[in-house]
Amino acid sequence: MSVLPIVMWPDARLREVCVPVAALDTALEQLIGDMFETMYDAPGRGLAAPQVGVMQRLFVMDATWKEGEMSPLVCINPSISPLGDVRSTNEEACLSIKGVAADVTRPNEIELRYADLNGTKLTARLEGFAAICAQHEMDHLEGRVIFDHLETDARVALERDYESLLI
Ligand code: NI
C-alpha cells in the first residue's frame, strides 16, 4: 500500500461527476488499500476516489478512528437518501481544501446503499458524524465540495481565505 498524492482545490477534477465503478478487480482492491493509507496518513476521516484522481464512484471512510476505534468502510457505487426532516449545521473540513472549514447544513440521518469489494449490496443507517462524513464524500462523487453549500457572499469570502493560503 502507498500514500497517494491528494488532488487539491481548485483542480477541475474536483468539479466532475464520477462514473460508476465497472470492475471489482485486484486493481480496485489495491486502490482501496492505497486510499485508506492516504486517508489515515492525511489524517482524515473520509476520502473519495476523485481526491486521488480516480474519477469513479467510490469512497472510503472511518468516522471513529480518531477517537481510538477503527470502523473502516468501503462504499462502491453508493447512493444516499435522507431519513426524516431533521437537519443540522456542522463545520466541515476537506483534505482537498486544507486550512479552511465551512458550516454545512445536512440531514442528520441517512440511508446509505453501497456495494463492498465482493459486490455485495449493503444498506446502512447512519447518523451523527458518520452521516456527515458519508454525505461529504458522496458530494465529491457528484463534483461538489463544501464551498457549494454556502451562500454566495460566504462562499466568496471563504474561497478568498483559501486562495490566500495557497500563495
Ligand atoms: Ni472532502
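Here, each number is a calculation from the coordinates, and none is a lab measurement. Here the structure is a predicted model, which is why all the values come from computation and not from measurement. Backbone-built Cβ (ideal geometry, glycine too); neighbour counts: all protein chains shown.
Filtered by the rule that a residue be of a type in the set (Val, Ile, Thr) and either surrounded by 13 or more Cβ atoms within 10 Å (Cβ to Cβ) or within 15 Å of the ligand (Cβ to nearest atom) (or both), the range 122-167 gives Ile132, Val145, Ile146. Please find, within the range 64-77, the residue that is surrounded by the most Cβ atoms within 10 Å (Cβ to Cβ) out of those that are more than 11 Å from the chain's Cα centre (by Cα) and either of a type in the set (Gly, Ala, Ser) or within 15 Å of the ligand (Cβ to nearest atom) (or both). Among those that are more than 11 Å from the chain's Cα centre (by Cα) and either of a type in the set (Gly, Ala, Ser) or within 15 Å of the ligand (Cβ to nearest atom) (or both), it is Ser71. Go through Leu95, Leu73, Leu117 for me and flag whichever is closer than 21 Å to Met39 by Cβ and touching a Gly at 6+ places or on another chain (Cβ under 6 Å). Just one listed residue meets the conditions, Leu95.
Just wondering, is there one or more residues in the range 87-98 that are in a loop (DSSP other than H, G, I, E, B) and over 13 Å from the mean Cα position of the chain (by Cα)? The answer is yes, given that some residue of the range 87-98 is in a loop (DSSP other than H, G, I, E, B) and over 13 Å from the mean Cα position of the chain (by Cα).
Contact map, the range 33-59: first residue closer than 16 Å to Ala93 by Cβ, second residue among the aromatic types (Phe, Trp, Tyr) and buried (at least 20 other Cβ atoms within 10 Å of the Cβ), Cβ cut-off under 6 Å, separation 6 or more or different chains; pairs are Ala48/Phe59. All of (1) part of a strand (DSSP E or B); (2) without any contact (Cβ under 8 Å) to a residue 24 or more places away in the chain; (3) more than 27 Å from Leu150 (Cβ to Cβ) hold for Ile76 with one exception: (2). In the condition set (1) surrounded by fewer than 18 Cβ atoms within 10 Å (Cβ to Cβ); (2) closer than 24 Å to Val100 by Cα; (3) among the small types (Gly, Ala, Ser), Ser2 is compliant with all but (2).
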